[in-house]
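*Asks:* Here it is, the structure, as structure tokens.
The values are calculated or read from the model by the stated rules, or taken from the named source; none is laboratory data. Model, not experiment: these values are computed from the prediction. Glycine also receives a Cβ, built like all others from the backbone with ideal geometry; neighbour counts cover every protein chain displayed. The area values use the complete protein model at the heavy-atom level, side chains included, leaving out ligands, DNA and RNA. Shrake-Rupley method; radii C 1.70, N 1.55, O 1.52, S 1.80 Å.
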Amino acid sequence: MDALIAPLLNGSAQGALLLLAALGLSLTFGQMGVINMAHGEFLMIGAFAAYLVQQVIAASNLSIPVALPVAFVVAGLFGLLLEVTIIQWMYRRPLDTLLVTVGVSLILQQAALHIFPSQGVPVEKPGWLDGQLNILGYEWPLRQLFTILLAAVCVAALAAWLKYTSFGRRIRATVHNRDLAETSGISTRTVDRLTFFAGSGLAGVAGVAASLIGGTNSQMGAQYIIPAFLVVAAGGIGQLKGTILAAWAVGVALSYFAYWTTGSLAQVLAFILVIVFLQIRPQGLFTVRTRSLA
Amino acid sequence: MLELTDIEAGYGRTRVLHGVTVPSGKVVAVLGHNGAGKTTLLRLAIGLIKPSRGRVLFDGEDITSLAPNQRVARGMAYVPQGQQAFGQLTTLENLQLVADGRRGGRALIDAQMARFPALEQFATRKAGLLSGGQRQQLAIARALITEPKLLILDEPTEGIQPTIVAEIEQTIMQLAAEDINVLLVEQHIGFALEAADRYVVLASGHVSHTGEGGKAATSTVRAAMAI
Amino acid sequence: MTKLKPWISLGGIGVFAVLLLAVAPLVLTDHWLNNVGKYCCWAIAAVGIGLAWGRGGMLVMGQGVFFALGAYSMAMHLTLETAGDRIPGFMVLYDPLAPLPMFWEPFRSAGFTLLAIVLLPVIMAGILGYALFKRRVKGAYFAILTQALAVALATLISSTIRETGGDTGLSDFKYFFGFVLNDPANKLMVYLIAAALLIVCVLAVWQLYRSRFGELLVATRDAEERVRFLGYDPANIKLVAFVVSALMASIGGAMFVPIVGIITPAEIGAAASILMIAGVAFGGRASLFGPALGAMAVGWGQSSLGSTWPDGWTYILGLLFIVVILFLPNGLSSLTARFTVRARRGPDVPPTPAIVAAELEEVKS
Amino acid sequence: MTDASLVVTDLHVEFSGFVAVGGVSFDAHPGEVRFLIGPNGAGKTTCIDAITGLTRGTGSARLGEKELLGRQVHKIVRLGIGRTFQTASVFDELTVLQNLDIAAGRHRPWTALLRARRGVDASIEEALEETGLAGELATPAGILSHGQKQWLEIAMLLVQDAKVLLLDEPVAGMSHDERTATGELLQRIAAKRIVLVVEHDMDFMRRFATRVTVLHQGRVLSQGTVAEVQADPRVQEVYLGTAGAATTAAMSVVPEPVAATQKRTED
Amino acid sequence: GDEAAGSGTSAKPSCVDTSGSTVKLGFLNSLTGGMAISEKTVSNVLHMAADEINAGGGILGKKIEYVQEDGATDWPTFAEKTEKLLTQDCVAAIFGGWTSSSRKAVKPVVEKNNGLFFYPVQYEGLESSPNIYYTGATTNQQIIPAMDFLASKGVKRLFLAGSDYVFPRTANAIIKLYAAKLGIEIVGEEYVPLDKDDWTSQVAKIVAAKPDFIFNTINGSSNVGFIKAYYDAGLTAATTPIISVSIAEEEAPAMGHEVTGHYASWNYFQSLKTDTNPKFIESWKAYPNSSGVTSDPMEAAYISLYLYKALVEAAGSFDVDAVNAAAKKNTITFDAPEGKVTLDGENHHISKPGHIGQINANNQFDIAWASDKFIEPDPYLEGYDWFPADIRKQLVDAAG
Ligand SMILES: Nc1ncnc2c1ncn2[C@@H]1O[C@H](COP(=O)(O)OP(=O)(O)OP(=O)(O)O)[C@@H](O)[C@H]1O
Ligand SMILES: Nc1ncnc2c1ncn2[C@@H]1O[C@H](COP(=O)(O)OP(=O)(O)OP(=O)(O)O)[C@@H](O)[C@H]1O
Ligand SMILES: NC(N)=O
Ligand SMILES: [Mg+2]
Ligand SMILES: [Mg+2]
């Protein structure tokens, strides 16, 4: 029983963390076309923000709920800074944003190594996350449940934001044709900044979740970036529901692979799975058809 | 309403416009051969490119350094050349985009849908899937929803079926009558001259001729274009 | 003027060849000559990236994969040459009784190894490229996918310690096709081979760039669908460039092994693959010399700045990425282009509209 | 002529339920400039898309003996079908000569690809003369004017030696003189090839069309000579806009269509 | 030990110049990249030791002038920098490294150039080189005591968790051999790449395997993820304790209270009561950029520089062959914070006390077990009959 149910539950939690990491990318990459390789470092910034909040509010029962919005804002502000200083000059060269942000990511990692203890810092989990939930005889860690709930809340908030506010339309319009959006009266600068803020902020929230699961150190962001991009790509760029499904699928697949093979091989197999999938459906799970030349 | 004075502009190191001045007027037509710089001039008027010399005045205000969206907020609207629409958004979303935040947004949309029935029919279709002419209608509707003081039109009838061309031409005439100013680029000199109270002929980025609308003989303009 | 042009490029290649093959061995210490040899290996891969990315618009972020094919082919051969008829030492502990893994056996043969260095990347890039390009995978998808492939391969090697040496990699080679590697004369020979191969690769792309294929490649980069309507299959055009670039990466990898004396998964993973791109971007992605010189410059920066200011180097490298891409999208070669006669045939790069078009689906019809 | 005619029979194109083209049949022959007209959204571009393999269509489109539907885009091109797009698409960064050279390339052996170009092919010289672009040989296509780009596209079809030229609104955005030049060019070209033009410029059509097919809502509404088609009341109603058009619900502003259309014809 | 430079021509004459008032030494650690997390401390403590030695008059009266190099968490870079330090900078010896992979990259280069490398981290043994001195534990000084400790606790079902690289893989190979001898069943073995934090799937397997102890050879920050996932699953020191060989005072704080009660096997702990330890701790705490706690790897790094000083002074020369000859006399000792260690001149390892510590609420270690005497280094496990002689022979042969 455990062999079937445990990977499913663990994998769902892994998928949820991946989703949190990918959610911001689905905005900045999926909607804006910016390939932000420093997204992982924004996640790291969120985790360090959680640590700093705990330095102020010692009781972790309280500090983590406080850390979530704080991490959102702090990481969001870093994103905003990146947008204003660099990205805003590059909207017409999406592939080049990839290279520029690789540079940003290097700098942020090294800065974190300088500023914080090199071994990393502890982020204490709140007491109310101690314990397990018994599901079909399997003791499922509460912390995993929390990751899933957090992801669900973020997805719902983001979806509502995109769907029920005019903002979603403006983002999509700006992505599609910047000049046309601008001459239609949309302040593309505002759209860009807000989108980037929100996307980076989501990375910060993911960072808090990650800080409860692994180490909080200068290297932590690096392990999320490529899986997160794969998830966004596999889901279909700009497709929220695709991203959700892909994250979950990758998480569960990783978990089953890890259960059947080894941790290292699971990583390889999951990557190959996504790569093969993208061969079959090069535009991801969900696609938008347009009447392009293609 | 809109005055462009001694404009010099271009792309990168290539200069396209050389000291172009466009006077204010109700309906101003800009005429010229392909590549004369008409589109460049309109892009400059709406703020998509910045002049290296010269000034742009709107309603007496110097807007030379304003971004396009700020100009739109001040009452300018722009229909670019080439049937442009937000392909990933539905027809309706294309219109909502500009109607958002305006009073009576829905009514404004309905009015335009009534004007262009194809838009009503394909309201939920992605604009990228519309035919060229349908997209052009959408572009004009999008501009009109903002209830502009000045409408900038770059070859608005290009690729439009004759019945609708007629309608668009009527619309332009009517807008002028409704106290909306128009800056128009048209290849159909006859119509342009009839609609315009002033016109400017561009040739290789220079103003080769200007005049009062209506009166000018088509042949004079043709001659000026060829310079 | 257009007649002169080939001679300018050829002259440049000639100067480059003299510097690498004659001047460098005379003026550099053994240590630095060896370093320059290492940069040459990266430069060989970079020349291929310039072809695929700069001219072909395919941002190949996983050249580490092909670098690895060459490098590990070579390393397995050198390991076996060193081990003689014994099983390589690192394998013993994990399973002392098991024989040499099957896929190692053929690498005992020098001929097979050389063939593998050439054929493995061609076959692999051929299959991969065919699948990707036929399915019209491009832009960011292509970049991320190739990158993921590099990560997957690096992880796979890391996790198969008995078969591949794992994270520690393969090292401690004593011979190179019969030559004793410790002998300075043989080291010099290995260096000269790498440098000569670099020149050959530059010559190869020089010819490709000035050929009709070069123009077609640029056309495909800028308007792939348009090319289709001229009766070409863009997939085939891209495939050729991709395969050639993979082959160059493999050759670079193969020479890296005897020069550096060790190959590990870190040299082929995401970071390494990106560093190769950095060099290309730095030098000028679509120019003839840019990728090679850029890769050598980044390599040099790493060895020298990395020494004088270890943690500072990371900041410098980061800033380099930012400043070059931001202000000099065509790399340093665009600076020199300002001083030379503009007699180029293919305009020098402008990555801008093409890639945007590939990325943000323009609705045209 | 039978061997080289383009015969489209019962062509259907559907987009997830929406019938864009619903059973269109027509044929086009060398020697004529065939026009395809119809209201916006009638399915003209979609017909061309289907013939050129850009969109999946059912029915049949044959060039001589060869069925075109179901083949890949580049294979259809190799059978001699060439097209232009509603928006000009040339290789902006390549010169006019390079553009043409690439277009001419598919007739060369692949080994020629690996060599640099020496001199200018005769076919290219000819096309340059024909389209009046001879002076722009070394100009990057990106900085050509709109009209010149359209001509370059046509020139590319010529060097490609296309047997069929499908031109989607080739004179849109051109000035009167340029239109005349283009029309004359098309007439010359049509002597040896099949030319099919989609256009909304009725003046242009009147001057240069030999035969006209009118599409409406994905079907053939009318077919015949210019005079026949113009006289067809259904065509007038849905497209040309004579008296009948005024009653079309399309009008929120009641226009004077006759006057307007005539004005257009004047210039 | 094995023979020197392998095959081929012998190295060029050394370019080391100690005629002046200083001696150049090379410090080589990863200051960037993933391993900087751990290695920065080692690098820092080397600086402290150099400062101390200089303050005390230097080595043979010559002040240490060090050349710092960054290995950048990249093994070929370790090789390149080693070569550079030896042939360009002409240093008399090199100190540093952390992962076994980095050491394996350095080894052929120091051997080829007949240089000296001092390696300060516990490792998997089965190695020795005339050009390397090992001041961290070999397996019989850390892993075997840990296994004995487990046996004494009556452990029957052991689970092995490690990072996926040479040290954990080799260590576990040895652990499995010894466990068989001890009658401990290995109920599972899991590896996760060094740069991955997520251990949830593997912990689920641990839960399913129902071990009564975990042997942890995970390195680096991956440990944090492991401990967290472990705690989440409801596994604690009370139910299923872990014994680690790479969690020390430096690492434990990043794991908070969730690591409390688990064990680690080391030679040195900050809590050791030796004569020299208080001063060491005090100096370190006062040293700029120090992390405030002392740990085994940094202590071993500290030892390495002093051991070199002792060697050179015994030899009366910086010459590599002279230093090695001095070592052969087996008289080199150093009064280290872990106690008085003695250098084995044959295998270039040092004797060390064995200790098992249990992590307390302050993330310090309470000593749970101590060896009654210093354990002599035995890298090839020659004194252990359960280690197959044929493997040993093959390994020695393969090493050349
Ligand atoms: N993005 C650009 N970069 C460089 N040059 C450009 C660019 N856009 C236009 N040009 C050049 O500027 C000149 C004027 O172009 P513009 O589009 O303003 O002409 P136009 O009068 O609108 O022509 P048309 O009637 O064909 O639309 C042309 O020579 C054109 O090639
Ligand atoms: N890929 C598609 N998916 C859905 N609908 C489509 C698609 N392509 C075209 N259509 C629809 O099919 C109809 C025919 O379009 P088409 O572009 O062929 O018209 P057209 O006759 O060329 O019009 P125009 O003169 O305006 O260019 C239109 O209603 C259009 O919206
Ligand atoms: N020796 C180690 N811990 O790698
Ligand atoms: Mg224009
Ligand atoms: Mg059309």
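*Asks:* Kindly point out, ordered by number, any Cys in the protein assembly as shown whose beta-carbon has no other cysteine beta-carbon under 4.7 Å away.
*Replies:* Cysteines lacking a close Cβ partner in the protein assembly as shown: A:154, C:40, C:41, C:201, D:47.
*Asks:* First measure r as the distance between the Cβ atoms of residue C:188 and residue A:179, then evaluate 1/(1 + (r/R0)^6) with R0 = 60 Å and state the FRET efficiency to the nearest 0.05.
*Replies:* Calculated value: 0.55.
*Asks:* Something else: Carbon and sulfur together cover what percent of the accessible area of region B:2-225 at a 1.4 Å probe radius?
*Replies:* Carbon with sulfur: 48 percent of the solvent-accessible area.
*Asks:* Inverting the mean 1/r over all pairs of different Cα atoms, compute the Kirkwood radius of chain C and quote it in Å.
*Replies:* The Cα-based Kirkwood calculation yields 21.1 Å.
*Asks:* Could you put D:192, E:393 in order of accessible surface area, largest first, with the 1.4 Å probe and the full protein assembly present?
*Replies:* Descending accessible area places them as D:192, E:393.
*Asks:* Say a paramagnetic label sat at a point 7 Å from the Cα of residue D:122, along Cα to Cβ; which residues of region D:150-190 have their backbone N under 20 Å from it?
*Replies:* D:155-163, D:189
*Asks:* Separate question: Sorted from largest down, give the three principal axis spans of the alpha carbons of region B:2-225, whole angstrom values.
*Replies:* Principal-axis extents of region B:2-225 (Cα, largest first): 46, 36, 32 Å.
*Asks:* Continuing with this model, one more query. Residues of region B:98-124 that become at least 10 Å² less accessible with every protein chain present than in their own chain isolated, using 1.4 Å: which are they?
*Replies:* SASA drop of 10 Å² or more in region B:98-124: B:98, B:100, B:114, B:115, B:117, B:122.
*Asks:* Between B:144, B:121, B:20, whose Cα lies farthest towards the positive end of the dipole of region B:2-225 when Lys and Arg beta carbons carry +1 and Asp and Glu beta carbons carry -1, centred on the Cα centre?
*Replies:* B:20
*Asks:* So, one more: Could you give the angle, 0 to 90 degrees to the nearest 10, between helix E:166-182's Cα long axis and the longest principal axis of the Cα atoms of chain E?
*Replies:* Value to nearest ten degrees: 60.
*Asks:* Now for a different question. Provide the FRET efficiency to the nearest 0.05 for the residue D:219-residue B:24 pair, computing r from the beta carbons and using R0 = 51 Å.
*Replies:* 0.55
*Asks:* Quick one: accessible area per residue over region D:63-147, 1.4 Å probe, rounded to a whole number of Å²?
*Replies:* Value returned for region D:63-147: 43 Å² of accessible area per residue.
*Asks:* Starting from the Cα of residue E:279, step 7 Å along the direction of its Cβ; do the same at residue D:134; then give the gap between the two resulting points in nm.
*Replies:* Result: 9.9 nm between the two label points.
*Asks:* Let me ask something else. Probe 1.4 Å, all protein chains in place: accessible area of residue E:386 in Å², nearest 10?
*Replies:* The accessible area of residue E:386 comes to roughly 30 Å².
*Asks:* With everything on Cα atoms, drop me the angle between helix E:222-232 and the longest principal axis of chain E, reported from 0 to 90° to the nearest 10.
*Replies:* 20
*Asks:* Per the 1.4 Å probe, what fraction of the accessible area of chain C, in percent, lies on carbon and sulfur atoms?
*Replies:* It is 73 percent, rounded to a whole number.
*Asks:* Continuing with the same structure: Just to confirm my numbers, what's the Cα centroid distance between region D:36-79 and region B:139-157 in Å?
*Replies:* Region D:36-79 and region B:139-157 have Cα centres spaced 35 Å from each other.
*Asks:* For residue D:234, put the label point 7 Å out on the Cα→Cβ axis and report which residues of region D:10-29 keep their amide N under 20 Å from it.
*Replies:* From region D:10-29, the list is D:10-13, D:19-28.
*Asks:* Further question on the same structure: In whole angstrom, how far apart do the alpha carbon centroids of region D:147-161 and region A:159-238 sit?
*Replies:* Result: 43 Å between the Cα centres.
*Asks:* As a test question: what accessible area, to the nearest 10 Å², does residue B:93 have when a 1.4 Å probe is rolled over all protein chains in place?
*Replies:* Here the residue's solvent-accessible area equals roughly 40 Å².
*Asks:* List the residues of region E:205-244 whose backbone N lies under 14 Å from a point placed 7 Å from the Cα of residue E:156 along the Cα-to-Cβ direction.
*Replies:* Of the residues in region E:205-244, E:210-213 have backbone N under 14 Å from the label point off residue E:156.
*Asks:* Ordering C:181, E:182 by how much accessible area each has at a 1.4 Å probe, largest first, what is the list?
*Replies:* E:182, C:181
*Asks:* Calculate for the protein assembly as shown the 222 nm mean residue ellipticity that helices alone would give, adding -39,500 (n - 2.57) per DSSP H run of length 4 or more and normalising by residue count, nearest 500 deg cm²/dmol.
*Replies:* Only helices count here, giving -16000 deg cm²/dmol.
*Asks:* Once you put a point 7 Å from the Cα of residue E:361 and another 7 Å from the Cα of residue A:111, both along the Cβ direction, what distance in nm separates them?
*Replies:* Here the modelled spin labels are 3.8 nm apart.
*Asks:* Continuing with the same structure: When only the heavy atoms of the protein chains count and the probe is 1.4 Å, how do C:79, B:39 rank by accessible area, highest first?
*Replies:* Largest accessible area first, the residues go B:39, C:79.
*Asks:* Still on this model: Could you work out how much longer the chain between residue A:279 and residue A:5 gets when fully extended? Use 0.36 nm per residue separation minus the Cα distance between them, nm to one decimal.
*Replies:* Residue separation times 0.36 nm, minus the Cα-Cα distance, leaves 95.7 nm.
*Asks:* I need the peptides B:152-164, E:209-221 ranked by packing, meaning the mean over residues of other C-beta atoms within 10 angstrom, with the highest value on top.
*Replies:* Final packing ranking: B:152-164, E:209-221.
*Asks:* Sticking with this structure for a sec: Could you give each residue of region E:343-359 its phi-based ³J(HN,Hα) in whole Hz, using Karplus coefficients 6.51, -1.76, 1.60 with θ = phi - 60°, and x for Gly or Pro?
*Replies:* Those phi angles translate into 7, 8, x, 7, 9, 6, 10, 10, 6, 8, x, x, 9, 10, x, 10, 6 Hz.
*Asks:* Another question, then. If I model a spin label at residue B:73 and residue B:13 as a point 7 Å from the Cα along the Cα→Cβ vector, what separation in nanometres do I get?
*Replies:* The two pseudo-label positions are separated by 3.7 nm.
*Asks:* Round to the nearest 0.05 the FRET efficiency obtained for residue B:125 and residue C:203 when R0 = 60 Å and r is the Cβ-Cβ distance.
*Replies:* Efficiency computed from Cβ-Cβ geometry: 0.65.
*Asks:* Let me know the charge dipole size of chain C about its Cα centre in debye, to the nearest 20, where only the beta-carbon of Lys, Arg (+1) and Asp, Glu (-1) is charged.
*Replies:* I would put it at about 1360 debye.
*Asks:* Once you average over the residues of A:270-281, how many Cβ atoms of partner chains fall within 10 Å of each Cβ?
*Replies:* Shielding by partners across A:270-281 averages 4.
*Asks:* List, largest first, the extents of the alpha carbons of the protein assembly as shown along their principal axes, each in whole Å.
*Replies:* Computed over the protein assembly as shown, the largest-to-smallest principal extents equal 115, 70, 61 Å.
*Asks:* Let me know the volume per residue of the alpha-carbon convex hull for region A:15-91, in Å³.
*Replies:* Enclosed volume per residue, from the Cα hull, is 86 Å³.
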